[in-house]
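The values are calculated or read from the model by the stated rules, or taken from the named source; none is laboratory data. Bear in mind the structure is a predicted one, so any value in this text is a computation, not a measurement. Neighbour counts run over all protein chains shown; Cβ positions are idealised from the backbone, glycine included.
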């Protein structure tokens, strides 16, 4: 007995029932009633199993194989990729920075610039440059701290000036 699955729809009326032969309906019916016979026939004829349960198993196996590959792959974002250091690359970047920001040539010789480069050179996986808001907030914080220290210093000096006329 061979099993044939129709690929086109047939509608027939038998005993007041409507029978529809859809490929998916036939596959479910074949799986429910003839799964063993179908699988032995498919193996002997080297036919790929096409029952819904078999298709689901194939998809699960393929997804599992894909998961095994995905665990070994990592995506690198362009911003996270670190360019290896070279003196030539640093020289080019420094000169381009001078030109783009309209800095004087002496800016490369400034002590604070050298300190900044020394700090950045100690990193192992690149640096994160703060945005405008963060930079502005940090400048305001540094300025406020400087004013507070200046106020403390000037208050001490005023105290000495007010006491000094009585000393002499």
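What to note about this one:
- Qualifying residue in segment 119-139 (condition: at pLDDT below 90, surrounded by 10 or more Cβ atoms within 10 Å (Cβ to Cβ), within 30 Å of residue 84 (Cβ to Cβ) and touching a helix residue (DSSP H, G or I) at 6+ places or on another chain (Cβ under 6 Å)): yes
- Residues in segment 51-72 that are out of contact with any helix residue (DSSP H, G or I) (no Cβ under 9 Å at 6 or more places or on another chain) and either modelled with pLDDT of 70 or more or closer than 30 Å to residue 40 by Cα (or both): 11 in all.
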